[in-house]
Structures are given as C-alpha cells and as structure tokens.
1. Relative contact order for the chain using alpha-carbon pairs under 8 Å, separation at least 6, rounded to a whole percent?
2. Treat every Asp and Glu Cβ in the chain as -1 and every Lys and Arg Cβ as +1, leave all other atoms uncharged, and give the resulting dipole magnitude about the Cα centre to the nearest 20 debye.
3. What is the angle, in °, between the Cα long axis of helix 68-84 and the longest principal axis of the Cα atoms in the chain? Nearest 10 is fine, range 0 to 90.
4. Taking the chain as the reference, fit the longest principal axis to its C-alpha atoms, fit the long axis of helix 103-113 to the helix C-alpha atoms, and give the angle between the two in degrees, 0 to 90, nearest 10.
5. Only sites in a loop by DSSP and with at most 10 other Cβ atoms within 10 Å count here; which GluC sites (Glu not before Pro) in segment 56-154 make the cut?
6. Using the Karplus equation 6.51 cos²θ - 1.76 cosθ + 1.60 (θ = phi - 60°), what ³J(HN,Hα) coupling, rounded to whole Hz, does each residue of segment 38-54 give in order, writing x for Gly and Pro?
7. Using only Cα atoms and rounding to the nearest 10 degrees, what angle (0 to 90) does helix 3-18 make with the longest principal axis of the chain?
8. Here are a few candidate values for percent of Cα pairs over 24 Å apart: [x] 33; [y] 37; [z] 51. Which one was actually calculated from the structure I just gave you?
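Read-outs: derived from the displayed coordinates by stated rules, not from any lab. No experiment lies behind these values; they were computed from the predicted model shown. Here the Cβ positions follow ideal geometry from the backbone for every residue, glycine too, while neighbour counts run over all protein chains shown.
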Amino acid sequence: MFLIPLVLAIAALGYIVTQPAGSVGVGSTAPEFQLQVVGPDGLTGETAKLSSFRGNVVLLEFMESWCPYCRADAPAIESLRLDYEPRGVVFISVAGTDRGATAESTAAFIKEYQTQWTYVLDSDNSVFRKYNVEATPTFFVLDKNGVIVSTFKGIVTTEVLTSSLDAALAA
C-alpha cells in the first residue's frame, strides 16, 4: 500500500535531480565558457572566453559540422556578419562534436563556406549541455551585458535574426 507513494517519491526525486541547474533563456545571463578557437586549418592554439566580448552584441550559434541546416544557414550568417560586424556585433559558433564531428571537420566547414567569424570547439559538448542545446543550429542573441535577449532553434530567416540584432543594438 505505501509502496506506490514511495515509488512516486523516488521517481519525482530522480526527475528533479536530472533537471539542469538554473534556466538558460531570455532574460538570463549567458553562461560563461572558454573554448579552443578553430580556424580553417584546425585548432589555432588560441582560446576565446565569452565574457571577453561584453560590450558587444553577440550572435551565438551552436552548430555541428555535419548538420545540413547549419550548412544551409552558413551563407546567410556570413552575409549578416558583413552587415553587422561593423556595427559592433560579434559572431561566434560553438562547434559540437556529436556524431564524430571534430576540429578538423569544423575547419573543413569553415573552408568550404569561407566564413569569417569565430568558431570554438566544444570538445566534450559541455557547453551544449550548459545551454540546454538539443538540436542544431540553435542561436542565442546576447545584449552588450551578456544577457540573452532572443533564442531560436532550427533554420531561422535572416529577417528574424536582423530584427533581433537590431533590437539588441538599440537597447
């Protein structure tokens, strides 16, 4: 008789323990990370720390080198970068390593699409987990103080990203 409440209590505790600590979403400060930079020839030996970009609006993309949607978005993101980087927007892609993605496959992606923004390698996908990223691409727009002002999952039109970047710059 008291076995059912005990099982329910254990199940509830298990659920609570497995939930992410804190919420990552609009209005919260973007979690800090420091990751190795990937260039068109592989790891550069440099690292990039998210907080070092404070004072700038940031378009933060989570991607995988094999992701067809990330590949489809790359030219549009590069076009946005050309328009918004002179206005103080920083573009950063956090490259995950799911399904065998590596620094080398990310470098090949950069070469193929001739993208000119910063890529960092999340070698153990810990930053993906920290941001609760479950699919790629996922985008976060951060204001100049590092606060998340917009999030988007999947393919996003340039109009939507433009609107979000404009709003973050105006704030």
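1. Numbers: 293 pairs, mean separation 50.5, N = 171.
With pairs under 8 Å counted, the relative contact order is 30 percent.
2. Numbers: 11 positive and 18 negative charges, 80 e Å.
In total the dipole reaches around 380 debye.
3. 50
4. 50
5. Details: sites: GLU61, GLU64, GLU78, GLU104, GLU112, GLU134; in loops: GLU64, GLU134.
Counting only loop positions with at most 10 other Cβ atoms within 10 Å, the GluC sites (Glu not before Pro) in segment 56-154 are GLU134.
6. 10, x, x, 10, x, 4, 8, x, 9, 10, 10, 10, 4, 5, 5, 9, 4
7. In the chain, helix 3-18 runs at an angle near 20 degrees to the longest axis.
8. Label of the calculated value: [y].
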